[in-house]
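All remarks here apply to the structure that follows.
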Amino acid sequence: MKKISALLLMLLPLIAFSQNNFKAIDSVLSVYDQGIVPGVSVSIAKNGKVIYSRNVGYADIEASKKIDDKTLFCMASVSKQITAACIVLLEQQGKLSLEDKLSKYFPDFPEYANTVSIVHLLNHTSGIKDYIVLSMLKGDDYMLYNDKDMYDILKRQNLDFEPGSEYSYSNSGYWFLVRIIEKISGKSIIDFAQENIFLPLEMNNTKYTYDSYSVENMSKGYVETDEGYEIAPQKEGLISGAGIVSSVYDMQKWLFEMHTQKVFGTAFWDIMLNKKVFEIGKDDFYTKGLAINVYLGEKRIEHGGDVDGFHTLTEYFPEQELTVVIFSNNDQVSINQINKTLLSIFFKRTFSFVEEEEKNKKVNGVKLTEAELKKYIGGYVFSPYSFNVSIKEGELFLVQEWNGVGYSVLALGEDKFADNDNKGVLFTFSDIKNDSAGLLVLNQNGKKYEFERKPEFQDVHEFVGSYYSAVLDVTYNFILEEGDLWFVIGSEESVPLLHQGKDRYVSPFGNLIFKRDKKSKLTGFSFSHDRARNIEFVKVPATE
């Protein structure tokens, strides 16, 4: 795994092109047209007319089949806008209201169903925990879940926040929406979308499916391993926030309809794009499976999707009358890098995060003594990432604890260091008290990340034992490995924990805060992930 880029975005080269110069995007895509590798499909249209398209790489390596205009890809979360469109059509037919409460369709659910409306589900403002995160915390494979499994796990949960007060991306909300569509229409989501969305738009190669690889012209999604490319499984037991397969050609039809509004009409698109929009931040909105923002100075309506083996992006720039579709069946591909390079052509932008001559110019360092370096030694945390800093062969040595990669850094002066292999990356130590740095600041391409020094050691022996969560119906076993605290979910591999303060730890799955009674006896802990907060675990009494 590469240094830093596992945490931050990769650098882009200096680019400046005229309107019709496609050499830049050709150059980027040519990387995936060398050898037998999975690839990329790109389509750009101006006012409904395709002005650039290219397919590179293989749709099916085993069958020696290359990607072409008919190749289908898993849409992943790009599917959400189609699910939302089905809901809006049902509202226009008078069969439901976006203000309907969840309890109307799920009367046996807990009290929280009386506070969540359909529009909350559409806009990720429901506060309902994401079932993909819940399955991860249970040690399950969410792709094996069926509707009964979803009922059972979601009925046991509490909301993360008051509906409508916050935005938190939740695939659970779209599972509810699919079930509502099927209950109201009396048809499967597969048939309803086919009749009401895909047929009217002549999207003849697009469909919802439970088994992507069974569809004709479907590409395989590949994940790169030490042994080569492996096919990522795509068969799922339910349709929720994903489920559609499509081609770049078909998705251009959907985006063109968003532009012309000829088939579904302005009233439909007004509901989809303008009514009941949730403001996430300045120039940043979400509504009905679509993100509306400003990108490179231009208004954009977009959504991306990611599952193992597939990355997808569809976007519409209304003021430019430009629609862009980028699909890949290569898990290693950076869709964002391709997209920025591509859009520089049309928006006449110049991207220069680090000038090539500056990036490659030799940096002259200074020599610091081990006594001078000693104050930087220690661990530094920026949740969930952390660095361990030591001295090796007279130089400061950093280890990225999230992936084990270690490297020396070049001293530019007291408290400031550069990555020897990437001169655009700077490390600065500050808040130095009693000859010990309290803060490590990572600067890369204008972005700043502050890593705080790990707190003093806390005896971890008392945390060893078992903890049970009723809402997840799972037991975590906490163990010591080489003196460090880890936990095991069922028979899964052990998960490391990083100490962040008294009774506070962070894991790759989220943050833990241990709890005590009035006598300071350990009683359990609360586990929080961005999409599933405050899950309670109680300590299981040790058996004799």
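The values are calculated or read from the model by the stated rules, or taken from the named source; none is laboratory data. Predicted model only: the values in this text are computed from it and were never measured. When we count neighbours, we look across all protein chains shown, and the Cβ atoms used for this are built from the backbone with ideal geometry, even at glycine.
Taken as a whole, the structure places N158 among residues that are among the polar types (S, T, N, Q) and touching a strand residue (DSSP E or B) at 6+ places or on another chain (Cβ under 8 Å). Taking the criterion of being more than 16 Å from L368 (Cβ to Cβ) and in a loop (DSSP other than H, G, I, E, B), the residues of region 407-466 that qualify are D421, N434, N445, G446, K454, P455, E456, F457, Q458, D459, V460, V464. Annotation: E230 fulfils all but one of (1) assigned to a loop (DSSP other than H, G, I, E, B); (2) surrounded by 15 or more Cβ atoms within 10 Å (Cβ to Cβ); (3) at pLDDT below 95; the unmet one is (1).
Under the condition of being among the hydroxyl-bearing types (S, T, Y) and at positive phi, the residues counted in region 497-521 number 1. Scanning region 467-496 for residues that are farther than 22 Å from K155 by Cβ, touching a Phe, Trp or Tyr at 6+ places or on another chain (Cβ under 7 Å) and among the small types (G, A, S) yields one hit, S494.
Within region 177-202, residues that are under 16 Å from L102 (Cα atoms) have Cβ atoms under 9 Å from residues that are of a type in the set (D, E) in these pairs: R179/D147; I180/D100, counting only partners at least 6 apart in sequence or on another chain. Look at F527 and say whether it is under 30 Å from T428 (Cβ atoms) and under 23 Å from the mean Cα position of the chain (by Cα). Spelling it out, it is not the case that F527 is under 30 Å from T428 (Cβ atoms) and under 23 Å from the mean Cα position of the chain (by Cα). Only one of these is assigned to a helix (DSSP H, G or I), surrounded by 14 or more Cβ atoms within 10 Å (Cβ to Cβ) and either at pLDDT below 95 or of a type in the set (A, V, I, L, M, F, W, C) (or both): I271, I280. Name it. Exactly one of I271, I280 is assigned to a helix (DSSP H, G or I), surrounded by 14 or more Cβ atoms within 10 Å (Cβ to Cβ) and either at pLDDT below 95 or of a type in the set (A, V, I, L, M, F, W, C) (or both), namely I271.
Residues are listed down the side, and each one gets a yes or a no for (1) surrounded by 17 or more Cβ atoms within 10 Å (Cβ to Cβ); (2) not polar (S, T, N, Q):
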{"residue": "K416", "(1), (2)": "yes, yes"}
{"residue": "D421", "(1), (2)": "no, yes"}
{"residue": "K448", "(1), (2)": "no, yes"}
{"residue": "F451", "(1), (2)": "yes, yes"}
{"residue": "H461", "(1), (2)": "no, yes"}
{"residue": "V474", "(1), (2)": "yes, yes"}
{"residue": "S491", "(1), (2)": "no, no"}
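Which of the residues belonging to region 380-397 are within 20 Å of G438 (Cβ to Cβ) and more than 27 Å from the chain's Cα centre (by Cα)? Residues satisfying the conditions are V389, S390, I391, L396, F397. Residues in region 283-300 that are at pLDDT 95 or above and in contact with a Phe, Trp or Tyr (Cβ under 6 Å, 6 or more places away or on another chain): Y286, I292, R300. Exactly one residue out of S41, S53 is part of a strand (DSSP E or B), surrounded by 22 or more Cβ atoms within 10 Å (Cβ to Cβ), touching a helix residue (DSSP H, G or I) at 6+ places or on another chain (Cβ under 8 Å) and not hydrophobic (A, V, I, L, M, F, W, C): that is S41. What is the one condition in (1) in contact with a strand residue (DSSP E or B) (Cβ under 6 Å, 6 or more places away or on another chain); (2) at pLDDT 90 or above that L498 does not satisfy? It fails just one condition, (2). In region 208-217, the condition of being within 22 Å of A113 (Cα to Cα) and of a type in the set (F, W, Y) is met by no residue. Give me the residue from region 493-526 that is among the hydrophobic types (A, V, I, L, M, F, W, C) and within 23 Å of N403 (Cα to Cα) and, out of that set, surrounded by the fewest Cβ atoms within 10 Å (Cβ to Cβ). Among them, the one singled out is V495. Among all positions in region 108-117, there is at least one residue which is free of Cβ contacts under 8 Å to residues at least 40 places away in the same chain, within 30 Å of N158 (Cα to Cα) and either of a type outside the set (A, V, I, L, M, F, W, C) or not assigned by TED's automatic domain parsing to the domain that holds E321 (or both). Taking the criterion of being at pLDDT 95 or above, assigned by TED's automatic domain parsing to the domain that holds C86, more than 17 Å from A59 (Cα to Cα) and part of a strand (DSSP E or B), would at least one residue in region 201-220 satisfy it? Yes, region 201-220 has at least one match. Pairs linking a residue in region 26-52 that is closer than 25 Å to P318 by Cβ to a residue that is basic (K, R), with Cβ atoms under 7 Å and 6 or more positions apart or on different chains, are V42/R54. Could you tell me whether S466 is in contact with a strand residue (DSSP E or B) (Cβ under 9 Å, 6 or more places away or on another chain) and buried (at least 17 other Cβ atoms within 10 Å of the Cβ)? Criteria met by S466. There is at least one residue in region 276-295 that is small (G, A, S) and closer than 22 Å to A76 by Cα.
Any residue in region 475-487 that is hydrophobic (A, V, I, L, M, F, W, C) and not in a strand (DSSP E or B)? Checking region 475-487: not a single residue is hydrophobic (A, V, I, L, M, F, W, C) and not in a strand (DSSP E or B). Picking from residues in region 137-158 that are of a type in the set (A, V, I, L, M, F, W, C) and crowded, with 19+ Cβ neighbours inside 10 Å, the one that is nearest to Y476 (Cα to Cα) is L137. Under the condition of being farther than 17 Å from K70 by Cβ, touching a helix residue (DSSP H, G or I) at 6+ places or on another chain (Cβ under 7 Å) and not aliphatic (A, V, I, L, M), the residues counted in region 184-215 number 5.
Of the helices (runs of 4 or more DSSP H) that lie entirely inside region 108-175, those containing 3 or more residues that are closer than 23 Å to K275 by Cα and more than 20 Å from the chain's Cα centre (by Cα) span 118-122.
The residues of region 491-544 that are without any contact (Cβ under 8 Å) to a residue 40 or more places away in the chain, under 15 Å from S466 (Cβ atoms) and assigned to a strand (DSSP E or B), listed by number, are S494, V495, L512, T523.
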